[in-house]
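A quick write-up on the structure given underneath.
We did not get these values from a lab; they are worked out from the coordinates using the rules stated. Fair warning: this is a prediction, and the values are worked out from it, not measured in the lab. Here the Cβ positions follow ideal geometry from the backbone for every residue, glycine too, while neighbour counts run over all protein chains shown.
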């Protein structure tokens, strides 16, 4: 837990760091970070780069084809 808290202070802007009063609760921390994510998405107008990624068709691999029966 200690390393997580240090990570918050090193990697998050001050307004996105959870208050000390909720550090003990996984549920409250999950809710906090979901709200942070929602706020970020509202500012950028995006949901997630993963959600917007295009499906890439599978490519064949000549070496693997020689190994398959």
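For region 1-46, the alpha carbon convex hull comes to 75 Å³ per residue, rounded to a whole number. With both labels modelled 7 Å from their Cα along Cα-to-Cβ, the residue 61 to residue 17 distance reads 4.5 nm.
Label positions at residue 4 and residue 33, each projected 7 Å from the Cα along the C-beta direction, are separated by 0.7 nm.
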